[in-house]
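A short write-up of the structure that comes next.
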Amino acid sequence: MKLLTILISILIYSGAAAQSTSCACCTDQYNQFDFWAGEWIVTDTTGTTQLGQNKIVKIQGNCGLQENWQSSGGLTGTSYNYYNPADSSWNQVWIDNQGANLVLKGQANANQMILKSAPIKGQKVEWYYHQVTWTKNANGTVTQQWQVFDGDDNSLGTIFKGIYKPAN
């Protein structure tokens, strides 16, 4: 009887261990931002000036993306990007070596990822928010555009626009 109990315990433990090693984040939703993964040289929109380089890697068993940015001017930054199944949103938390941080939330649609910040109280306008859009281009590049909008969704300007080209 003791041997039977041990065998049953081993079988139950083996089944639980096998289930825990399955890929919890291997659904289509978790792969929506995969077009950004890779090693990139980032240039201005003319392709003549290198703005920096970026390495985006899948992390934590496909559950997120980690960005590792290095600008040509010395700015470095890291972001963590993840899909939240509770509200079907994509989220980004960014921090850099100058003390800046940005928290974004949004959705994927077709060949784009569009993430926005929460409204921020402004000095020149009452409210504004950041919007960053990544677009997967047909030629294998990715365009990233970071814009600022007022509370009425009027553009206040573009902070960054770059083209990601594969580094290899």
Original post:
Sorted by packing (mean other beta-carbon atoms within 10 Å per residue), highest first, where do 140-149, 22-31, 157-166 land?
Top reply: 140-149, 157-166, 22-31
Subject >> For Glu67, Glu39, Glu126, order by how many other beta-carbon atoms lie within 10 Å, fewest first >> reply: Glu126, Glu39, Glu67
**OP:** Considering the options Asn111, Gln29, Leu156, tell which one lies farthest towards the positive end of the dipole of the chain, charges being +1 on Lys and Arg and -1 on Asp and Glu at the Cβ, about the Cα centre.
**Re:** Gln29
Subject >> Kirkwood Rh in Å, taken over the chain so that all alpha-carbon pairs contribute >> reply: 18.2
Original post:
In debye, nearest 20: dipole of region 26-166 around its Cα centre with unit charges on the Cβ of K, R (+) and D, E (-)?
Top reply: 200
**OP:** Enter the angle in degrees (range 0 to 90, nearest 10) between the Cα long axis of helix 2-20 and the first principal axis of the Cα atoms of the chain, meaning the one along which they spread out most.
**Re:** 10
**OP:** Between Thr158 and Glu39, take the C-beta separation as r, use R0 = 35 Å, and let me know the FRET efficiency to the nearest 0.05.
**Re:** 0.90
**OP:** Take every Cα pair under 8 Å in the chain that's 6+ residues apart, average their separations, divide by the length, and report that relative contact order as a whole percent.
**Re:** 16
Original post:
Just how many pairs of Lys in region 19-168 have C-alpha atoms closer than 17 Å, counting pairs that are eight or more places apart or on different chains?
Top reply: 6
Original post:
For region 62-116, what class follows from the C-alpha gyration tensor (a ≥ b ≥ c being the square roots of its eigenvalues): rounded when a/c is under 1.5, otherwise prolate if a/b is larger than b/c, else oblate?
Top reply: prolate
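Since every read-out is calculated from the coordinates, none of them should be taken as a lab result. Just so you know, these numbers come straight off a predicted model, no measurement behind them. In this analysis, Cβ positions are derived from the backbone assuming ideal geometry, glycine residues included, and neighbour counts consider all displayed protein chains.
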